[in-house]
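The values are calculated or read from the model by the stated rules, or taken from the named source; none is laboratory data. These figures come from a predicted structure and were not determined experimentally. Every residue, glycine as well, gets a Cβ built from its backbone with ideal geometry; the counts of neighbours run over all protein chains shown. All accessible areas refer to the heavy atoms of the entire protein, side chains included, with ligands and DNA or RNA removed. Shrake-Rupley method; radii C 1.70, N 1.55, O 1.52, S 1.80 Å.
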Amino acid sequence: MANRISVADLTAPTETFRPHVLDLDDFSPREVEVVFEATDVMKEVLGREIKKVPALRGKTLVNLFYEASTRTRVSFELAAKNLSADVVNIAVSGSSVAKGESLLDTIRTLQALGADMIVMRHSQAGAPYLVARHVKSCVLNAGDGWHAHPSQALLDLYTMRERLGRLEGLKVVIVGDILHSRVARSNIWGLTAVGARVVLCAPPTLIPFGLGRAEYPLPEVEVEYNLDRAIEGADVVMALRIQKERHKEGLLPDLREYVRLYQIDRTRLARAKPHALLMHPGPVNEGIELAADVVTCAQSVIQEQVANGVAVRMALLYLMGGGGGGA
Amino acid sequence: MREKELMNEADMRRGLTRIAHEIIERNQGVQELAIIGMRTRGVPLAHRLASLLESLEGHPVPVGSLDVTLYRDDLKLRGVRPRLQRTHIPIDIQGKRVILVDDVLYTGRTTRAALDALIDLGRPKCVQLAVMVDRGHRELPIRPDYVVKNVPTSVHEEVKVRIQEVDGVDQVIIMGRGVDG
């Protein structure tokens, strides 16, 4: 009996979706659209008095964070709970990793304990790919080294489309520490896939070396070292955090010089289109990459990015299907 | 696979008019009603029913749409997901007499999901179920209040309600092995 109520009986059309979301480098525009359609529905759920639906009841999501995070972890936790999944949070300090357990041992243990979905942040690029090859659970990359942060890029794209009505043809300027930024890399993949024009702006030491060469693992995008010129006519200005914790090689001779040349303030933002959006993946170093008065200005959608993050992550978790090997 | 027409456009129109009268009689008017269509084909049917009720009673009747996908009990298959559609309930259903509208009533599992979804949105005074076709084979203790047509079927057959707004034609058909001429 139970078998009869299967996909064949679904009255609504179905979508196929990948079991793991590791980066946007292989997302088609249609796949981005599938995520957005589901996100629209999740936003409606978030607007209700009871913000909870039973779609992932009985599924377990493990937040496995090898790097500090508050907003991403909480965002995934809320997303999973809104879909009625059970959530286990593991921070590396205080776990067996501190006793020397290897990544794959940890993952196999989590699978044996019944984790259907693993949301993972790791300081090494590629770690979630290794994990995805070895487990039946769904794996969602919540940031690996400098490499990728796909859910952040999807919520950025969703916020742009929601505010500006389209993505194709938008001029998006990404300003700041692009070298160390997984957010920038996933955004570059996502934005170029949907036909937006990406301009990177940073001091030469913070632009990935080799970008634009055929063998470089990112699509070719424009680079403009002068912020005033880069921002001219932009639809979106996305500032990135200066990741001081990753600056070991003295890439910036002087922070005050960086502020003078690359901080986004009202005068510089005025060079963009009148209704241009100001975005930032957070957390903001106020007074460094952003002047204090633009953080909360009318063009700033930083809080909307956070709110949309929960809806986008609900959509991804729903679409990935809760894992566990399926019916 | 052979198919056979069970109802045409005129049959469907007359049937909907009949259940509109039944709804008015049972609820003593339309003042407290909210008509909620279940995605996909229940939605246009709900709109038709609401405009029939309005023209019969001269009082506006609110209409909403409900997508029950997130409440289904069969979201298991990995990699294949039912496409989500928006739920849009423009009114507070608190204290309302809700008429749920669907095209085909079969196992009752979709109706079960719809009841859960509805109750998360508020506390209606009562919920009644109106369907175009009841084809039997219930797996849950659910029964319709208003039925346009009862169709005894075998599990090997398929009943399809086609709606102008979705399929370009108003028609009810039955398909399958057991259908002759």
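Odds and ends about this structure:
- Among the residues making up segment B:54-104, those that are over 25 Å from A:L319 (Cα atoms) and hydrophobic (A, V, I, L, M, F, W, C) are B:L56, B:V61, B:V63, B:I91, B:I93, B:V98, B:I99, B:L100, B:V101, B:V104.
- A:V92, sole failed condition from (1) farther than 20 Å from A:T106 by Cα; (2) touching a helix residue (DSSP H, G or I) at 6+ places or on another chain (Cβ under 8 Å): (1)
- Screening the candidates A:A184, A:A230, A:A196, A:A202 for the property of being in contact (Cβ under 8 Å) with a residue 60 or more places away in the chain, in contact with a Leu (Cβ under 9 Å, 6 or more places away or on another chain) and not hydroxyl-bearing (S, T, Y) yields one hit, A:A202.
- Any hit, segment A:233-254, residues being open to solvent by 80 Å² or more (accessible area, probe 1.4 Å) and not charged (D, E, K, R): yes
This table checks each residue for (1) among the aliphatic types (A, V, I, L, M); (2) open to solvent by 10 Å² or more (accessible area, probe 1.4 Å); (3) within 24 Å of A:T72 (Cβ to Cβ).
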site	(1), (2), (3)
A:R271	no, yes, no
A:P274	no, yes, no
A:M279	yes, no, yes
A:G282	no, yes, yes
A:L290	yes, no, yes
A:V294	yes, no, yes
A:E304	no, yes, yes
A:G309	no, no, yes
A:G321	no, no, yes
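- Residue ranges of helices (runs of 4 or more DSSP H) in segment A:247-320 with at least 3 members modelled with pLDDT under 95 and closer than 27 Å to A:V223 by Cβ: A:255-262
- Boolean, B:R86 is farther than 28 Å from B:K149 by Cβ, free of Cβ contacts under 8 Å to residues at least 60 places away in the same chain and under 17 Å from the mean Cα position of the chain (by Cα): yes
- Checking each residue in segment A:272-291 for being charged (D, E, K, R), touching a residue at least 12 places away in the same chain (Cβ under 8 Å) and either touching a Phe, Trp or Tyr at 6+ places or on another chain (Cβ under 6 Å) or farther than 21 Å from A:G165 by Cα (or both) picks out only A:E289.
- Selected residue (criterion: nearest to the other protein chains (Cβ to nearest Cβ)) from residues of segment B:11-46 that are in contact with a strand residue (DSSP E or B) (Cβ under 8 Å, 6 or more places away or on another chain) and surrounded by fewer than 16 Cβ atoms within 10 Å (Cβ to Cβ): B:E32
- Residues in segment A:312-327 include none that are aliphatic (A, V, I, L, M), away from chain B (no Cβ under 14 Å) and out of contact with any strand residue (DSSP E or B) (no Cβ under 6 Å at 6 or more places or on another chain).
- Lone unmet requirement of (1) surrounded by 15 or more Cβ atoms within 10 Å (Cβ to Cβ); (2) within 13 Å of chain B (Cβ to nearest Cβ); (3) free of Cβ contacts under 8 Å to residues at least 12 places away in the same chain; (4) under 29 Å from A:A125 (Cα atoms) for A:E44: (4)
This table checks each residue for (1) in contact with a Lys or Arg (Cβ under 6 Å, 6 or more places away or on another chain); (2) not small (G, A, S).
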| site | (1), (2) |
| --- | --- |
| B:T17 | no, yes |
| B:I24 | no, yes |
| B:E32 | yes, yes |
| B:R41 | no, yes |
| B:A46 | no, no |
| B:A50 | no, no |
| B:L56 | no, yes |
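- Filter result (more than 9 Å from chain B (Cβ to nearest Cβ) and either open to solvent by less than 10 Å² (accessible area, probe 1.4 Å) or not in a helix (DSSP H, G or I) (or both)) within segment A:31-41: A:V32, A:V35, A:F36, A:T39
- Among the candidates A:S75, A:S84, A:S28, residue that is at positive phi and either buried (at least 18 other Cβ atoms within 10 Å of the Cβ) or not charged (D, E, K, R) (or both): A:S84
- Scan of segment B:140-157 for residues that are within 13 Å of chain A (Cβ to nearest Cβ) and either closer than 29 Å to B:G95 by Cα or touching a residue at least 60 places away in the same chain (Cβ under 8 Å) (or both), ordered by number: B:L140
- Scanning segment B:81-117 for residues that are more than 30 Å from B:I174 (Cβ to Cβ) and hydrophobic (A, V, I, L, M, F, W, C), we see that the one that is nearest to the other protein chains (Cβ to nearest Cβ) is B:I89.
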